[in-house]
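Here is the structure we will look at.
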Amino acid sequence: MTDASSLGFGYRPTPWRWQAEWRDGSWSEGELLSEPTITLEEGSCALHYGQQCFEGLKAYPSAEGEPRLFRPDQNAARMARSAARLLMPELPEELFLRGVNACVHANRALLPKPGSGGTLYVRPLLIGVGDNLGLRPAPRYLFRVFCSPVGPYFKDGLSGIRLVVSDQDRVAPRGTGSYKVGGNYAGGLLLHKQAKEAGFDELLYLDAYERKWIDEAGSANVFGILPTEPPTFVTPESAAILPSITMKSLLTVAADEGLTVERRKVHVDEIGSFREMGLTGTATVITPVESVTRDGVETTLPGGAPGPITRQIYTALTELQHGRRADPRGWSVSVVDPAAQTV
Ligand SMILES: *Cc1c(COP(=O)(O)O)cnc(C)c1O
C-alpha cells in the first residue's frame, strides 16, 4: 500500500496500464501493458487536431483496504458522449468498465491506506492515431486506462481558495464545453498562470454570450449555499458546463441532507447573497471558496471556507465514495478481478 501523506496530486507511474485498439471497425480484446509510453504516428489526429477525449475517476479504499469505484457507469456514458461528438468510434460501456477494472485490479497494491485520504486516480483516454494529414477522423484509435496514486488534495483537510472572475472565456455557448475533450483545456493554461501571478488560486468563468451568468471554474463545477430555511444548494445550469458526476451526486446528497436544491441560471451578482460557495469535481471532491474577485472588488463568503453546510455535504459524499455509509442507490461498486469474470 502507498503512504498517502507524502503524495500530492501528480503523476506517478504504476506497474500496469490497460489498452484496447480500434481498427477496421472493431475493438480489440484489450490487454495490460507494462510500458508507460505510447508510440504513435506523427500524423496522428490526436496530436494535430485534438481528436482526443478523457475521463477522471478514483478508486477509493474501503475500510478493509479494498478498491471501490464510484458510479463508473456515469464516466462510461460521459466518455461515450464525448467520443460521439468528436466522431470517434463508439465506446461500449462494457469495454470502458473492463479497462478501468483491469487497470485498478492490476495496480491494487498501490492503493493508499484507508483513512489516509489517498486514492488511486484513474485516467481513461481515447485518442485518434494513425497517419493522417488532412482534417478528417483518424483511421485507428487507442483506448488506454492508467492510474496514479494521489494524496488528499488538501493535506490539512478542507481549505479555502480565492477565485477571480475571468475576463476571457473557456468555451463557446454552443461549442464543446459540455464534452470532456482535451481541446477545451490548453487555452486555459495561460489564464490560470496569470490568475496565479495576480495572487488568486482559480478562475471563475462566466457564460461567453451575455457574460453575466456563472458557468464553472477551470476544471470544476460551482455551487453556492443561500441562507434560506432550510438552506438552498444552488448550482448553475448552462449548456457550456461540463456535467460533473461529483456535482450530480452532490445534488442528491444535499437533498438527502435536507437542503433545498436548485439547478438554474445563476447571475454572477448572486454571489453576494451566498453564505458559502464551493467548487466540485473528482480531484478535490469539494474546494471551499473563501472569496471571489470581480473587476478588482473582492467578496468574501461570510459562512466560512469551509462553512458548516459545505462540511456536512463533503462528509456525506466522501463516506459514500469510500463505501462507509448506507448506499441504497448502489453508487459504490467493488473492483472485479477480470480473471474471475466469465466471458
Ligand atoms: C472533469 C471536469 C469537471 C468535474 O467532473 P467530475 O465528473 O465531477 O470529476 C468539472 N469541470 C470540468 C471542466 C471538467 O473537465
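The values are calculated or read from the model by the stated rules, or taken from the named source; none is laboratory data. This one's a predicted model, so the numbers in the text were calculated from it and none came from an experiment. Neighbour counts run over all protein chains shown; Cβ positions are idealised from the backbone, glycine included. Calculation scope for accessible area: heavy atoms of the full protein, side chains included, ligands and nucleic acids excluded. Shrake-Rupley method; radii C 1.70, N 1.55, O 1.52, S 1.80 Å.
Using the Kirkwood radius over Cα pairs, work out the Stokes-Einstein diffusion coefficient for segment 296-343 at 37 °C and 0.692 mPa s, in µm²/s as a whole number. Translational diffusion coefficient: 231 µm²/s.
Given Cα pairs under 8 Å that are at least 6 residues apart, what percent is the relative contact order of segment 10-79? Write out the running numbers ahead of the final one.
Details: 54 pairs, mean separation 12.9, N = 70.
Relative contact order of segment 10-79: 18 percent.
A 1.4 Å probe run over the protein chains yields, for segment 1-132, 45 Å² of accessible area per residue, whole-number rounding. With the helix formula -39500 (n - 2.57) applied to DSSP H stretches of n ≥ 4, the chain reaches a computed 222 nm mean residue ellipticity of -6500 deg cm²/dmol.
Principal-axis analysis of the Cα atoms of the chain puts helix 186-197 at an angle of about 40° to the longest axis. The residues of segment 201-252 expose on average 34 square angstrom of accessible surface per residue, using a 1.4 Å probe on protein heavy atoms. Residue pairs exceeding 19 angstrom between C-alpha atoms, taken from K193/K265; K212/K265; K58/K248; K58/K113; K180/K265: K193/K265; K180/K265. Each peptide in 127-139, 203-215, 323-335 receives the mean, over its residues, of other Cβ atoms within 10 Å, and ordering these scores from highest gives 203-215, 127-139, 323-335. Under the combined filter of DSSP loop state and at most 10 neighbouring Cβ atoms within 10 Å, segment 32-78 retains none of its chymotrypsin sites (Phe, Trp or Tyr not before Pro). Here, P(r) means the percent of Cα pairs in each 10 Å bin from 0 to the largest distance; for segment 1-123 it is 12, 38, 35, 13, 2.
Taking the chain, how much of its Cα-Cα pair set, in percent, is spaced more than 27 angstrom apart? Working shown, then result.
Details: 27869 of 58653 pairs.
Pairs farther apart than 27 Å: 48 percent.
Normalising the average separation of contacting C-alpha pairs (under 8 angstrom, six or more residues apart) by the number of residues puts the relative contact order of segment 162-309 at 24 percent. Taking all Cα pairs closer than 8 Å and separated by 6 or more residues, the relative contact order of segment 44-160 comes to 33 percent.
Given a Förster distance of 56 angstrom, what is the FRET efficiency for K265 paired with E90, based on the Cβ-Cβ distance and rounded to 0.05? Can you show the working numbers first?
Values: r = 33 Å, r/R0 = 0.59.
The computed FRET efficiency comes out at 0.95.
Charges at C-beta only: +1 for Lys and Arg, -1 for Asp and Glu. How large is the resulting dipole of segment 1-110 about its Cα centre, in Debye rounded to 20?
On the way: 11 positive and 15 negative charges, 91 e Å.
Dipole about the Cα centre, nearest 20: 440 debye.
Counting only Cα atoms, the size of segment 139-216 along its three principal axes is 41, 39, 20 Å, in decreasing order. Here the gap between K212 and E29, fully extended at 0.36 nm per residue and compared with their Cα-Cα distance, gives a gain of 61.1 nm.
Residues whose amide H comes within less than 5 Å of that of D215, counting only those at least five positions distant or on another chain, are Y205, L206, D207 (H built at 1.01 Å from N in the peptide plane). Rg and Dmax, both from the Cα atoms of segment 52-195 and both in Å, are 17.7, 52.
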